[in-house]
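> Let me give you the structure first, and then I'll get to my questions.
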Amino acid sequence: MNSKLFKACKEMEATPIDMLKDPLVSSCAAQDTRKKRRVVTKDGHSNVKIDHVDGLAMLYLHDLWTTVIDMKWRYKLTLFSATFVMTWFFFGLIFYIIAMIHGDLDVPDTASNHTPCVMNVQSLTGAFLFSLESQTTIGYGFRFITEECPLAISLLVAQLVLTTLAEIFITGTFLAKLARPKKRAETIMFSHNAVITKHDGKLCLIIRVANMRKSLLIQCQLTGKMLHTHVTKEGEKILLNQTSIRFQVDSASDSPFLILPMTFYHVINDASPLKDLTAANLRGKEFEIVVILNATVESTSGTCQSRTSYIPEEILWGYDFMPVVFNSPSGKYVADFKHYNKVIRSTDHFFATDLEKLKLEEEYRKDDQKEREGHLNEP
């Protein structure tokens, strides 16, 4: 059994593993992941449900600007179109009522002793077209307002003022939504898994981050928060206690720019919230590490934020990331993302009895036990 185990372990160390495809690392972990609760999804969205809030609709209306900006594009385009159509129809209906009260609809076009409030408005359709032409400043000249009705003149002034303000608001939210760096943040890729391995002789939690565009991200700062259950000295149970996790790039906490895939390290020492982690107890822990990358987009000077999270099933003990940056014959650096989510076994002797080997040994032990039970049951 020992020779079989030794041979299998050596094969595991030498074979690259794709974290997204390997059945041992990914599929089993994915089954456990679906059962785990998480605050932040892998793509960085909040997984928190807000419920039983009194007056929630009014809270959204009080901050109408943010509410409209956060709308999905299909709802925003619907609101944009509906705003124009509804204002055209609303003011057109009022113009039609004014014409009806003034008697413009009952007087034939050939009557020369009657001056209508709005010329050539004989129906609701005509009033709607006059409202549309006035608000959009088309001014065909066929329908126009006269000096006969001060009420109609006041209504026209009110329509132009109110609809101009509405157009400014809607157009402003369009520009603000387009200018948001949200889409830029989606081109920042985090490694699907984090690894725990040795780096410069220190045990470290390592994640990989890559910029998928050629435009630079400068002044990058990566921070982490560990969310876990904590019981205070007074006995109060905090379900999601937040503990800071400091990441660094080599010897510095800041990266001047993110142009190539980079690895960020968190040293697991006595001051680390992960100091109690071992290969045996990692999968049994209940915590979530939320990673936040803040950066400045060079092309627009705007700030963007990208997020992801890792739960214990997505942290691999005793693995190293495969290299993804190579030199090309033309003298350029090449980032090969084919290996971005692939890992290899760490060759450090510290991981000689890590979790995966313990699992493999347990499988061999169970197989041997079944074989012995089979021999005992033979007649």
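The values are calculated or read from the model by the stated rules, or taken from the named source; none is laboratory data. The structure presented is a predicted model; accordingly, all values stated were derived computationally and were not measured. A quick note on method: Cβ atoms are made from the backbone with ideal geometry, for glycine too, and the neighbour counts reach across all protein chains shown. Only protein heavy atoms, including side chains, enter the accessible area calculation; ligands, DNA and RNA are left aside. Shrake-Rupley method; radii C 1.70, N 1.55, O 1.52, S 1.80 Å.
> Mind telling me which of the residues Ala176, Ala210, Ala194 ends up being among the small types (Gly, Ala, Ser) and either closer than 30 Å to Thr87 by Cα or loosely packed, with under 14 Cβ neighbours inside 10 Å (or both)?
On the way: Ala210 fails: either closer than 30 Å to Thr87 by Cα or loosely packed, with under 14 Cβ neighbours inside 10 Å (or both); Ala194 fails: either closer than 30 Å to Thr87 by Cα or loosely packed, with under 14 Cβ neighbours inside 10 Å (or both).
Answer to the selection: Ala176.
> When region 213-238 is examined, which residues are found to be open to solvent by less than 50 Å² (accessible area, probe 1.4 Å), under 24 Å from Asp336 (Cα atoms) and part of a loop (DSSP other than H, G, I, E, B)?
Listed by number, the residues that qualify are Ser215, Leu216.
> Scan region 285-307 and report the pairs whose first residue is at pLDDT below 90 and among the hydrophobic types (A, V, I, L, M, F, W, C) and whose second residue is surrounded by fewer than 19 Cβ atoms within 10 Å (Cβ to Cβ) and in a loop (DSSP other than H, G, I, E, B), with Cβ atoms within less than 8 Å and a gap of 6+ or a chain change.
Taking only residues 6 or more apart or on different chains, the pairs are Val297/Pro181; Val297/Ser215; Cys304/Pro181.
> Here's something else I'd like to know. So if I check each of Thr146, Thr137, Thr171, which one is in contact with a Pro (Cβ under 7 Å, 6 or more places away or on another chain) and at pLDDT below 90?
After applying the criteria, what remains is Thr146.
> Please specify each residue of region 142-172 satisfying the condition of being within 30 Å of Thr78 (Cα to Cα) and surrounded by fewer than 11 Cβ atoms within 10 Å (Cβ to Cβ).
Result: Ser154, Val157, Val161, Leu165, Ile168.
> Looking only at residues that are among the charged types (D, E, K, R) and in contact (Cβ under 8 Å) with a residue 40 or more places away in the chain in region 315-352, which one is least open to solvent (accessible area, probe 1.4 Å)?
Only one residue fits best here, namely Arg345.
> In addition: Could you please let me know if Thr87 is of a type in the set (S, T, N, Q), under 51 Å from the mean Cα position of the chain (by Cα) and under 27 Å from Ala176 (Cβ atoms)?
Details: of a type in the set (S, T, N, Q): yes; under 51 Å from the mean Cα position of the chain (by Cα): yes; under 27 Å from Ala176 (Cβ atoms): yes.
Criteria met by Thr87.
> Determine if region 89-111 includes at least one residue that is charged (D, E, K, R), surrounded by 12 or more Cβ atoms within 10 Å (Cβ to Cβ) and within 29 Å of Leu64 (Cα to Cα).
No, region 89-111 has no match at all.
> Just the residues that are of a type in the set (S, T, N, Q) and in contact with a helix residue (DSSP H, G or I) (Cβ under 8 Å, 6 or more places away or on another chain), please, taken from region 147-176.
Result: Gln159, Thr163, Thr173.
> Mind checking whether some residue in region 112-119 is open to solvent by 90 Å² or more (accessible area, probe 1.4 Å) and either within 30 Å of Val291 (Cα to Cα) or not small (Gly, Ala, Ser) (or both)?
yes
> If you don't mind, there's one more thing I want to ask. Say we look at region 314-340 and pick out the residues that are of a type in the set (Phe, Trp, Tyr) and touching a Leu at 6+ places or on another chain (Cβ under 9 Å); which of these is farthest from Ile196 (Cα to Cα)?
Ranking the candidates gives Tyr333 first.
> Using the structure shown, decide if Phe190 is in contact (Cβ under 8 Å) with a residue 24 or more places away in the chain, more than 30 Å from Phe321 (Cα to Cα) and hydrophobic (A, V, I, L, M, F, W, C).
no
> Out of the helices (runs of 4 or more DSSP H) lying entirely within region 30-106, which hold 2 or more residues that are touching a Leu at 6+ places or on another chain (Cβ under 8 Å)?
Correct list: 64-69, 73-102.
> Would you be able to tell me the number of residues in region 255-304 that are closer than 15 Å to Arg184 by Cα and among the charged types (D, E, K, R)?
Count: 1.
> Right, something else. Quickly run through region 271-284 and pick out the residues that are over 18 Å from Gly224 (Cα atoms), open to solvent by 20 Å² or more (accessible area, probe 1.4 Å) and either touching a strand residue (DSSP E or B) at 6+ places or on another chain (Cβ under 9 Å) or in contact (Cβ under 8 Å) with a residue 60 or more places away in the chain (or both).
Thr278, Ala280, Arg283
> Among Gly139, Gly126, which is more than 44 Å from the chain's Cα centre (by Cα), surrounded by 13 or more Cβ atoms within 10 Å (Cβ to Cβ) and farther than 30 Å from Ser301 by Cα?
Gly126
> Asn269 passes all but one of (1) assigned to a strand (DSSP E or B); (2) closer than 24 Å to Lys202 by Cβ; (3) of a type outside the set (A, V, I, L, M); which number fails?
(1)
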